[in-house]
Structures are given as structure tokens and as C-alpha cells.
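Trainee: Mind having a look at this structure? Questions to follow.
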Amino acid sequence: MSEIPTIEINKETIIKPENLVYKPPKTLFDTPMHYCPGCGHSTVHKIFMEVVEEMGIENDIIGVAPVGCSVFAYYYMNVDMQEAAHGRACAVATGIKRVLPDKFVFTYQGDGDFAAIGTAESIHAANRGENFLVIFINNAVYGMTSGQMAPTTLYDMVSTTTPYGRDPKIHGHPFKITDLIAQLPGAVYVTRQSVHTTANVRKAKKALRKALEIQKLNLGFQLVEIVSNCPSNWRMTPLESLKFIEEQMLPFYPLGDLKVPEGI
Amino acid sequence: MAKAVGEVIIDIEKCKGCELCIEACPEDTLALANAINKKGYRYAEVVANNCTGCANCAIICPDACITVYRLIMKKIA
Amino acid sequence: MGEIRLMKGNEALAEAMIRAGCDAYFGYPITPQSEVIEYLSREAPKKSKMVVLQAESELGAINMIYGAAGCGKRVMTTSSSPGISLMQEGLSYIASAQLPCLVANINRGGPGLGTIQPSQSDYMQAVKGGGHGDYHLIVLAPYSVQEMVDFVKIGFELAEKYRNPVMILADGAIGQMMEKVELFDFIERNQEAPEWATVGRRPGKDRVFITSLFIQPEKMEEVNKILQAKYREVEKKEVRYQQLNIEDAEYLLTGYGLGARICMKAMEIGREKGYKIGLIRPITLYPFPYNVYNELAPKIKGILDVEMNAGQMLEDVKLAVDGKTTVKFYGRMGGMIPTPEEIIESFENHFIYGGKNV
């Protein structure tokens with residue numbers, strides 16, 4: 001019986017380039033993000049930049065960041081970007097894509113931007129079939145202005161402008177704009193994802209990649225809604241906020257594809 | 001049967017102590033440190049030598065603080 | 001000699017856009033300028049690769065302009081007063097982000113939904129900012145269909161030179177009337193994007209981003225200083241005006257655009273009556289030709305400012321003369337156009353009969 005050589009397993013033997021399984025993408029600037037602890041915005045920034053890096057399109061993509069917590073997205077995403085007025089991202093993106101049809105174009109919008117102040121721009125861009133991607137973060141609250149009702153705020157949900165809970169008789173109903181846009185012929189890929197578990201982060205990333213691949217085929221408007229959290233304005237810990245997504249948000253905003261182009 | 005061993009490197013200055021990685025780790029390898037970083041957050045740190053390099057922590061980490069290495073060891077005989 | 005055509009003001013403006021190598025037009029129909037988008041929709045595909053898109057609103061249009069201008073493209077939109085009001089948000093952002101673009105306002109009577117008849121009641125909005133924040137548009141005021149054509153070319157050049165939005169402020173009459181025009185030849189442009197434009201990262205260079213958000217007040221003040229320095233340079237270098245019969249003038253008529261054109265006829269009538277009347281027509285409303293008035297003022301007995309509004313440029317004329325002569329005003333509002341005879345009557349009342357009949 002021959003002697004089996006013993007290999008000592010330690011940090012040095014594991015931390016080698018060939019053993020790397022995950023590192024943050026280079027397309028994300030190596031700078032702390034201003035988002036609150038546990039905020040889904042940062043997760044989506046990260047996975048979207050991973051997709052851009054994996055597809056090797058860093059030099060061929062232009063983003064639009066309008067008003068909301070993600071107004072500073074251009075400080076984190078290392079790609080060419082334009083900041084837009086509140087709600088106007090889809091109009092700005094239309095201007096960009098129409099003059100640079102060979103580039104990838106995306107907007108990164110919150111629920112206030114995409115589904116309240118910018119509803120006309122959003123719906124008409126979708127209806128024209130503008131060939132760009134909207135990443136729509138739905139956290140059911142106005143984060144940047146510190147916790148007012150959003151169009152997507154759930155029934156009975158407390159916000160600073162619905163302190164006794166959202167009452168549809170007073171405040172209207174939660175707005176499923178993604179379902180509405182799925183009805184439009186110009187919108188070709190419409191999906192609702194989340195980033196509240198590891199498995200969902202993986203799925204959301206796949207959806208973002210699929211959207212850009214559809215954009216490459218010049219098929220039409222792509223909408224990826226991401227049901228996200230806002231621990232600070234929900235008055236919860238990050239972990240409690242993930243539970244709230246699972247238990248309260250997802251029954252009202254169910255995950256999955258609403259529309260996928262044939263053959264994709 | 002193969003066994004995987006892993007190592008995670010956490011950029012503690014970027015960490016905001018949200019604990020999402022701790023919740024996502026199937027092996028309870030991570031915990032919040034008692035110390036704080038420059039921004040005043042208790043940061044995540046490795047507390048057990050049982051990481052398998054599954055990268056769940058890094059995938060869920062909102063702030064892109066975590067780098068993961070994984071070594072697969074094939075059991076001989 | 002360029003091609004000579006008989007054209008409507010709005011169509012001449014649209015043809016000039018095509019010839020100036022405009023890359024994209026985004027607009028929303030509104031009377032009295034809907035011929036612009038109609039003409040472009042019909043003619044641009046035959047003669048150019050211009051993007052012509054009917055937006056969902058003026059808000060949409062001006063923000064499409066922002067996006068395309070940010071890509072370093074030559075872009076233009078047109079509208080009329082209520083639509084231009086909707087664009088003010090976008091213009092403030094465009095001015096702050098220092099993007100070049102050309103906007104034409106074919107002014108109609110207001111306030112509110114107002115009337116579709118010609119007016120000059122948007123002077124203040126055009127030259128004093130219009131949207132929020134300290135900024136200026138460069139404002140060109142054509143008085144003929146020919147200038148509608150010429151100012152498209154000049155407007156794009158000024159916008160690109162200063163990275164600032166430029167407005168052609170005409171009125172419904174200039175847009176609607178037909179005149180002989182000489183069109184300039186099609187312009188071949190260098191299509192290379194400027195370095196500040198977002199066209200995708202350039203290998204070996206930092207990415208670029210376009211913004212009007214400067215959250216630190218120190219930085220915001222710095223940006224304001226840059227803008228103000230630019231405006232001072234514009235004020236020094238880009239003042240345009242026309243003056244007529246100044247040499248022996250004892251009185252001046254002044255006005256811009258259509259108002260100035262009517263004043264020219266009034267001046268003729270006045271001269272036939274023996275009044276030594278000259279005329280100043282500001283062509284750039286911003287930068288305003290303050291010095292021209294200021295230098296003439298001591299030699300002049302009085303100035304009659306004529307506008308199709310309640311007296312907006314009047315404030316600038318008064319600032320310009322700085323008390324060195326008398327400034328009086330005659331205006332019609334709400335889409336009414338003054339006649340030369342009315343102007344001379346007002347002139348006589350103010351300056352010949354000593355204001356007794358005013």
C-alpha cells in the first residue's frame with residue numbers, strides 16, 4: 001500500500017485565480033453605493049452590470065437614470081449614461097435609441113418614475129415598440145423622498161401619505177402597470193422578477209440577459225419589473241423586508257413571464 | 001464523492017451589515033462582527049471554517065462586497 | 001445663388017432643417033406650426049436619413065431631444081406657446097446639461113389655451129429663462145420667411161458652438177405666410193460625435209455621463225459659474241440687430257419679428273409726414289442689443305416700442321436706454337396685429353401731440 005500524499009488545504013491553496021467562482025463585475029465601479037443596507041437597487045445594479053460584462057457589451061450600451069433613489073445609478077454603472085428628468089426616461093431613451101439604433105439602450109426606473117409621473121412616456125414608448133429595455137424597480141414606496149405612497153403601494157399598506165393604510169376609496173388602487181404594458185403589441189418581452197432570494201437573483205439575472213438578447217434581435221420593447229424592497233421606508237430590517245416581499249408583495253405581484261416573443 | 005471547500009473574501013469597508021449573506025449561507029459560515037467599519041456598520045465576517053464556496057452569499061450581497069473561491073477535491077479510492 | 005422657392009414660413013423652416021443636416025426631429029402637432037412635422041414626415045425620407053418622430057406630447061418630444069442631443073446629434077423640435085410651456089422643464093435640463101439643440105416657438109396668443117392667432121406674448125418666457133434655474137436660451141427672432149430659413153443654419157451653429165439650446169421665436173404669421181425664399185444648399189456634416197456625447201464607451205477612455213444633477217452646492221455653484229461665463233461670452237460675441245434710418249433719426253421705432261416688420265411700414269408713413277424716424281430691430285432677443293439703444297439714446301427724443309403683447313421687450317428697451325431718453329409703448333394683444341397707421345397714430349400722440357390724446 002502506497003503512501004497517499006497529504007495536501008494541506010488552506011487559504012493559499014483555495015484562493016487562486018483558477019478557483020474563482022464569483023467576483024463583483026468590473027462594469028460596477030469599485031465604490032460604496034449610497035443605498036440603504038439590504039436595498040434591492042444595489043443588487044439589481046450588480047446583476048445587470050454582470051450581464052453587461054458577460055455579454056461583452058460595455059462599450060455598446062447607453063443607460064438612462066431618471067429621478068428616484070437610483071438617480072445616481074451613473075455613479076455605479078461604468079457605462080455611458082444620461083440622467084433624465086423625473087418620469088422622462090422612456091422619452092430620453094427613445095431619443096437615444098432612434099439616433100443610435102445599433103447600441104443597446106436601457107432605462108432604470110422606480111415605480112414613481114415609471115408608473116406615476118412618467119406613465120405617458122412609459123406606455124407610449126412601449127406601444128411604439130421602442131427597442132430598449134426598461135428595468136422597473138417596484139418597491140411599493142417613494143424611497144428618495146422618504147416613504148410616500150407609490151402607484152404600486154399595496155392595499156392597506158402604510159406610507160407617510162397613507163398613514164392609516166392605502167384605502168382605494170381615497171388613494172386609488174395599486175397599479176399593475178406591467179400587466180397593462182403586456183397587453184400592448186409593441187412590448188415583446190414583459191416579465192416580473194425579484195431579488196429577495198439567491199434563486200430569484202439568478203432568475204432575475206437571466207431575465208435581464210434575455211431582454212438584451214431580444215433587443216439585439218430588434219424585436220421591440222422589453223420590460224423587466226423587479227419586485228424589490230425598501231427596508232428604511234418600510235420601517236423594517238433588511239431581513240424583515242425580504243419576508244414582506246415573500247408574504248405580502250408576491251401574492252399581489254406574482255413573479256414570472258407575462259409575455260415572451262415566440263421562439264425565444 | 002467530491003468535496004468542495006471554499007473561501008470568501010469580504011470587502012468590509014463596502015459592507016453595510018444587512019445580513020442578507022448570513023441568511024443565504026447554508027453552512028452558517030458567516031456572522032456579523034462585533035467591530036464596525038469606517039461607515040459605522042457591523043460588517044459580515046467568516047466565523048466558521050466550513051465554507052463550500054457555493055457563492056450564495058456573494059449572489060445575494062447587494063453591495064458587491066464578496067469574492068468567492070472554490071476548490072473541488074475528488075476523494076481518492 | 002441658392003434655390004429660390006415660394007414657401008410658407010413653417011415649411012421653409014422644415015426644408016431648412018433637412019438641408020442643415022438635422023439628424024432628428026421630435027415634435028407634437030399644435031396650431032399654428034403643424035406644417036413643420038407634416039412637411040418633414042413627407043419630405044425628409046425622400047431627401048435625408050433624418051429621424052422624424054411624432055411624440056406622445058411636448059414633454060415627450062423635448063426629452064427625446066435631450067436623449068438624442070446627448071448622443072451628439074443635430075436635433076430640433078418645434079411647437080407653439082402652450083406646447084412650449086410644457087417643454088420648459090426639458091429646456092432647463094438641456095441648458096444645465098449643456099446640450100445643443102434648436103427649438104422653434106411659433107408664438108400664438110395666450111395666456112391659457114388662448115388663440116391660434118399670431119402673438120409675441122412669449123418674449124419673457126423665451127429670453128428670461130422660462131424654466132427653473134439661472135439659464136438662458138439664445139433667442140433668434142425672424143421677421144421674414146427668409147430668416148426662418150437662415151436662422152435654422154445659424155441656430156444649429158450657435159447651439160453647437162456654445163452647447164446651449166437655441167430658440168427661434170417667430171409668431172403664427174411668420175409661420176403661416178408665404179414669401180420668396182432662397183434656400184441654402186444641403187450641408188455635409190462631420191458625423192463624428194463630440195467627446196462629451198454618450199455613444200457607448202470609447203476604448204481606452206473613461207465613460208461619459210450627462211447630468212444636470214449636482215447635489216453638492218459647491219459643485220452646483222461651480223456649474224452655474226460656468227454657465228454664466230458662457231452667457232457673458234454670448235452677450236459679447238453674438239448680438240445681432242438691424243438698424244434703419246439711424247443717421248438723421250430724432251425718434252426711433254423698435255420691435256422684433258413681425259412687430260418690427262410692421263414698424264418698417266409705419267416708419268415710411270411717418271417719414272412721408274416729415275417725422276425723422278429710425279428703427280432698431282433686435283435679431284437676437286437674447287443676447288439683447290442693449291448697447292445699440294444705449295449709445296443712440298442721448299441723441300433721440302423718444303422711442304416707441306411696438307409689440308404684439310402687453311409690453312415685454314419694453315423692459316429690456318428701458319433697461320438699455322437707462323433713462324437717457326423717453327420710451328413709450330404701443331401693443332396689441334391676444335392675437336391682434338397692429339397696423340402701421342395705428343403705430344403712427346400712437347407715435348404722434350406720444351411724441352408730437354405731447355401725450356395729450358394718449
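Trainee: Show the residue pairs that are 6+ apart or on different chains and have beta-carbon atoms under 7 Å apart, the first residue being within the stretch A:243-264 and of a type outside the set (A, V, I, L, M), the second being in a helix (DSSP H, G or I) and surrounded by 12 or more Cβ atoms within 10 Å (Cβ to Cβ).
Mentor: Correct list of pairs: A:PHE244/A:TRP234; A:LYS259/A:ALA182; A:PRO261/A:ILE214.
Trainee: When only residues in the stretch C:299-314 that are of a type outside the set (A, V, I, L, M) and touching a residue at least 60 places away in the same chain (Cβ under 8 Å) count, which is farthest from C:SER346 (Cα to Cα)?
Mentor: C:GLN312
Trainee: To continue, here is another question. Give me the pairs: first residue in the stretch C:65-85 and touching a residue at least 12 places away in the same chain (Cβ under 8 Å) and facing another protein chain (nearest Cβ under 9 Å), second residue among the hydroxyl-bearing types (Ser, Thr, Tyr) and buried (at least 24 other Cβ atoms within 10 Å of the Cβ), beta-carbon distance under 8 Å, and six or more apart or on different chains, which are they?
Mentor: Pairs that qualify, where the first residue is touching a residue at least 12 places away in the same chain (Cβ under 8 Å) and facing another protein chain (nearest Cβ under 9 Å) and the partner is among the hydroxyl-bearing types (Ser, Thr, Tyr) and buried (at least 24 other Cβ atoms within 10 Å of the Cβ), are C:ILE65/C:THR77; C:TYR66/C:TYR93; C:GLY70/C:THR198; C:CYS71/C:THR198; C:VAL75/C:TYR25.
Trainee: If you don't mind, there's one more thing I want to ask. For C:LEU6, which of the numbered conditions (1) touching a residue at least 40 places away in the same chain (Cβ under 8 Å); (2) part of a loop (DSSP other than H, G, I, E, B); (3) over 20 Å from the mean Cα position of the chain (by Cα) fails to hold?
Mentor: Every condition holds for C:LEU6 apart from (2).
Trainee: For the stretch C:152-162, what are the residues that are over 15 Å from C:ILE18 (Cβ atoms) and either touching a helix residue (DSSP H, G or I) at 6+ places or on another chain (Cβ under 8 Å) or not charged (D, E, K, R) (or both)?
Mentor: C:ILE154, C:LEU158, C:ALA159, C:TYR162
Trainee: Moving on. Please specify each residue of the stretch A:31-60 satisfying the condition of being more than 8 Å from every other protein chain (Cβ to nearest Cβ) and over 22 Å from A:LEU133 (Cα atoms).
Mentor: The answer is A:THR31, A:HIS34.
Trainee: On to the next question. Being β-branched (Val, Ile, Thr), out of contact with any Gly (no Cβ under 9 Å at 6 or more places or on another chain), at pLDDT 95 or above and over 19 Å from A:SER241 (Cα atoms) narrows it down to one of B:ILE76, B:ILE66, B:ILE59, B:ILE36, so name that one.
Mentor: Step by step, each of B:ILE76, B:ILE66, B:ILE59, B:ILE36 is checked, and only B:ILE66 is β-branched (Val, Ile, Thr), out of contact with any Gly (no Cβ under 9 Å at 6 or more places or on another chain), at pLDDT 95 or above and over 19 Å from A:SER241 (Cα atoms).
Trainee: For the stretch C:323-333, indicate whether the set of residues that are of a type in the set (Ser, Thr, Tyr) and under 30 Å from C:GLN117 (Cα atoms) is non-empty.
Mentor: Yes, some residue in the stretch C:323-333 is of a type in the set (Ser, Thr, Tyr) and under 30 Å from C:GLN117 (Cα atoms).
Trainee: Continuing with the same structure: Condition first: in contact with a strand residue (DSSP E or B) (Cβ under 7 Å, 6 or more places away or on another chain) and in a strand (DSSP E or B). Can you find one or more residues in the stretch B:45-55 that meet it?
Mentor: Scanning the stretch B:45-55, I find at least one residue that is in contact with a strand residue (DSSP E or B) (Cβ under 7 Å, 6 or more places away or on another chain) and in a strand (DSSP E or B), so the answer is yes.
Trainee: Turning to a different aspect of this structure: Go through the stretch C:286-326 and give me each residue that's in contact with an Asp or Glu (Cβ under 6 Å, 6 or more places away or on another chain) and among the hydrophobic types (A, V, I, L, M, F, W, C).
Mentor: C:PHE288, C:MET313, C:LEU314, C:VAL317
Trainee: Please determine, by comparing only the residues of the stretch A:121-164 that are of a type outside the set (A, V, I, L, M, F, W, C) and in a helix (DSSP H, G or I), which one is farthest from A:ASN229 (Cα to Cα).
Mentor: The qualifying residue farthest from A:ASN229 (Cα to Cα) is A:ARG128.
Trainee: Restricted to the stretch C:195-217, and to residues that are out of contact with any strand residue (DSSP E or B) (no Cβ under 9 Å at 6 or more places or on another chain) and either within 19 Å of C:TYR93 (Cα to Cα) or assigned by TED's automatic domain parsing to the domain that holds C:VAL149 (or both), which residue is surrounded by the most Cβ atoms within 10 Å (Cβ to Cβ)?
Mentor: C:PHE214
Trainee: Kindly indicate which of C:ALA193, C:ALA197, C:ALA249 is away from chain A (no Cβ under 14 Å) and of a type in the set (A, V, I, L, M, F, W, C).
Mentor: After ruling out the rest, the residue left standing is C:ALA249.
Trainee: State whether the residues of the stretch C:255-263 include one that is assigned to a loop (DSSP other than H, G, I, E, B) and closer than 21 Å to C:ARG240 by Cα.
Mentor: Looking for residues that are assigned to a loop (DSSP other than H, G, I, E, B) and closer than 21 Å to C:ARG240 by Cα, one finds at least one in the stretch C:255-263, hence yes.
Trainee: Tally the residues that are surrounded by fewer than 17 Cβ atoms within 10 Å (Cβ to Cβ) and farther than 22 Å from C:THR31 by Cβ, restricting the search to the stretch C:164-192.
Mentor: 11
The values are calculated or read from the model by the stated rules, or taken from the named source; none is laboratory data. Everything quoted here is computed from the prediction, not taken from an experiment. When we count neighbours, we look across all protein chains shown, and the Cβ atoms used for this are built from the backbone with ideal geometry, even at glycine.
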